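**Student:** One structure follows; several queries about it will come next.
The values are calculated or read from the model by the stated rules, or taken from the named source; none is laboratory data. Since this is a predicted model, take the numbers as computed values, not measurements. Every residue, glycine as well, gets a Cβ built from its backbone with ideal geometry; the counts of neighbours run over all protein chains shown. Accessible surface is based on the protein model in full, side chains and every heavy atom, while ligands, DNA and RNA are left aside. Shrake-Rupley method; radii C 1.70, N 1.55, O 1.52, S 1.80 Å.
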Amino acid sequence: MFNGLEVIQKADLKKYCTFKIGGRGTIIFPKNVVELKKLIRECQKLNKNYFILGNGSNLLFPDYDCDLIFVSLKYFNKIKEEKRGKIFVEAGVNLFSLNAYLKKHSLGGLEWSLGIPASVGGAVFMNAGAFKHSISEFIDEVKILKDGKICYLNKKNLNFSYRKSNIDGIILGVTMHFSQKNSIEIQKEQFDFLERRKATQPYDKFSAGSIFKREANIIPAKIIDSLGLKGTKIGDAEISTKHAGFIVNNGNAKAIDVLALIDYIELKAGRKFDLEIIIIK
Ligand SMILES: Cc1cc2nc3c(=O)[nH]c(=O)nc-3n(C[C@H](O)[C@H](O)[C@H](O)COP(=O)(O)OP(=O)(O)OC[C@H]3O[C@@H](n4cnc5c(N)ncnc54)[C@H](O)[C@@H]3O)c2cc1C
């Protein structure tokens, strides 16, 4: 099965997500589009479902061993300048590396994103955002693989909203635009945004970011805080004492602890919230 491809069978899924929770599963690391197409064809032949992994920073894996085939695009890690201010970034590049590239090349705009532990593919798919910005502001075109073919989605075909995109396919890379900016200024702003994040979020703990999405006028974290639920624990899962919108793993939390904590929050709040994290079954 999957001959010639880099495969880890029974991989410890904890190592592939920022929550550090999960059982075991098969992960495949295609080195290029040819290998990616091959592995998708094999999944189809074997009747296996696959799931594209970014940096696993918005995921809750199950505690049991998973039957899905996880596909990591970590080898899709190049950044290419197309013309001044316009770059093509492959999906597996993480936002830390992209921010380092932008600083080095005096390209400004994305400073607010430093500290989001995402891959570009995951950030684009989820339309990651913070501090009143979102990544979609900088996107010109998205290169995807869909039904075995490479397609390009431009602004006319793309639709982004709060933590959501309409992208249906595997994101291979993105053409993005930025503006000329002094490197020192970029560095200062990146640092300031990262410091603001560290001051308000449990940045030093394992988590998957905000558990729930904000809705029009409803900020789940504020409701959770007002109910006095910060610090509530089930097993090693805890509602962060620093930011009520985060559940943190204090070491050995299980997915079932996180799910029970979510149920508990909703019970106390007397309502359901939209989940921002993706629960893998
Ligand atoms: C400490 C912390 C802080 C965070 N702060 C923020 C924040 O400020 N703002 C914010 O928006 N989010 C934040 N997050 C959440 C998370 O980083 C984002 O949702 C991010 O966009 C997920 O990217 P990822 O690469 O980790 O994707 P993953 O979590 O691996 O995957 C998320 C989804 O994207 C899909 N996906 C990934 N790559 C591809 C691809 N190449 N093609 C198609 N689909 C793909 C996956 O299949 C999955 O459905 C935070 C998380 C943590 C742990």
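**Student:** Please indicate, with yes or no, whether at least one residue in the range 177-186 is within 16 Å of the ligand (Cβ to nearest atom) and not in a loop (DSSP other than H, G, I, E, B). Walk me through it before giving the result.
**Tutor:** Here is the first cut: in the range 177-186, the ones within 16 Å of the ligand (Cβ to nearest atom) are none.
No; the residues of the range 177-186 include none that is within 16 Å of the ligand (Cβ to nearest atom) and not in a loop (DSSP other than H, G, I, E, B).
**Student:** Ok, one more. Looking only at residues in the range 71-91 that are in a strand (DSSP E or B) and of a type in the set (D, E, K, R), which one is least open to solvent (accessible area, probe 1.4 Å)?
**Tutor:** Among those that are in a strand (DSSP E or B) and of a type in the set (D, E, K, R), it is Glu90.
**Student:** Sticking with this one: Hey, could you check the range 117-137 for residues that are in a loop (DSSP other than H, G, I, E, B) and near the ligand (Cβ under 7 Å from one of its atoms) and say which is most open to solvent (accessible area, probe 1.4 Å)?
**Tutor:** Checking each candidate, the answer is Pro117.
**Student:** What's the total number of residues in the range 104-116 that are assigned to a loop (DSSP other than H, G, I, E, B) and either farther than 29 Å from Lys20 by Cα or over 14 Å from the mean Cα position of the chain (by Cα) (or both)? Before you say what the answer is, go through the steps one by one.
**Tutor:** Looking only at the range 104-116, we keep the residues that are assigned to a loop (DSSP other than H, G, I, E, B), and these are 105-106, 109-110, 114-116.
If we keep only those that are either farther than 29 Å from Lys20 by Cα or over 14 Å from the mean Cα position of the chain (by Cα) (or both) too, we end up with 105-106, 109-110.
Matching residues across the range 104-116 total 4.
**Student:** Quick one: is Leu158 without any contact (Cβ under 8 Å) to a residue 24 or more places away in the chain, open to solvent by less than 70 Å² (accessible area, probe 1.4 Å) and either within 20 Å of the chain's Cα centre (by Cα) or under 30 Å from Gln44 (Cα atoms) (or both)?
**Tutor:** yes
**Student:** If you don't mind, another one. I'm checking my understanding of the structure. Among residues of the range 138-149 that are open to solvent by 30 Å² or more (accessible area, probe 1.4 Å) and within 13 Å of the ligand (Cβ to nearest atom), which one is nearest to Val93 (Cα to Cα)?
**Tutor:** Per the stated criteria, the residue is Lys143.
**Student:** Return the residues of the range 108-138 that are hydrophobic (A, V, I, L, M, F, W, C) and either assigned by TED's automatic domain parsing to the domain that holds Leu59 or in contact with a Leu (Cβ under 7 Å, 6 or more places away or on another chain) (or both); say none if nothing qualifies.
**Tutor:** If the condition is that a residue be hydrophobic (A, V, I, L, M, F, W, C) and either assigned by TED's automatic domain parsing to the domain that holds Leu59 or in contact with a Leu (Cβ under 7 Å, 6 or more places away or on another chain) (or both), then Leu110, Leu114, Ile116, Ala118, Val120, Ala123, Phe138 are the ones that fit.
**Student:** Does the range 92-103 contain any residue that is open to solvent by 10 Å² or more (accessible area, probe 1.4 Å), closer than 23 Å to Thr26 by Cβ and either in contact with a strand residue (DSSP E or B) (Cβ under 9 Å, 6 or more places away or on another chain) or assigned to a loop (DSSP other than H, G, I, E, B) (or both)?
**Tutor:** Yes, the conditions are met somewhere in the range 92-103.
**Student:** Does at least one position in the range 33-45 carry a residue that is under 27 Å from Ser207 (Cα atoms) and outside the structural domain of Ile247 (by TED's automatic domain parsing)?
**Tutor:** So far as the range 33-45 goes, no, none of its residues is under 27 Å from Ser207 (Cα atoms) and outside the structural domain of Ile247 (by TED's automatic domain parsing).
**Student:** Scan the range 42-64 and give yes if some residue there is at positive phi, surrounded by 22 or more Cβ atoms within 10 Å (Cβ to Cβ), modelled with pLDDT of 95 or more and under 13 Å from the mean Cα position of the chain (by Cα), otherwise no. Outline the logic, then answer.
**Tutor:** Looking only at the range 42-64, we keep the residues that are at positive phi, and these are 47, 56.
Narrowing the set further to residues that are surrounded by 22 or more Cβ atoms within 10 Å (Cβ to Cβ) leaves 56.
Narrowing further to those that are modelled with pLDDT of 95 or more: 56.
Narrowing further to those that are under 13 Å from the mean Cα position of the chain (by Cα): 56.
The answer is yes, given that some residue of the range 42-64 is at positive phi, surrounded by 22 or more Cβ atoms within 10 Å (Cβ to Cβ), modelled with pLDDT of 95 or more and under 13 Å from the mean Cα position of the chain (by Cα).
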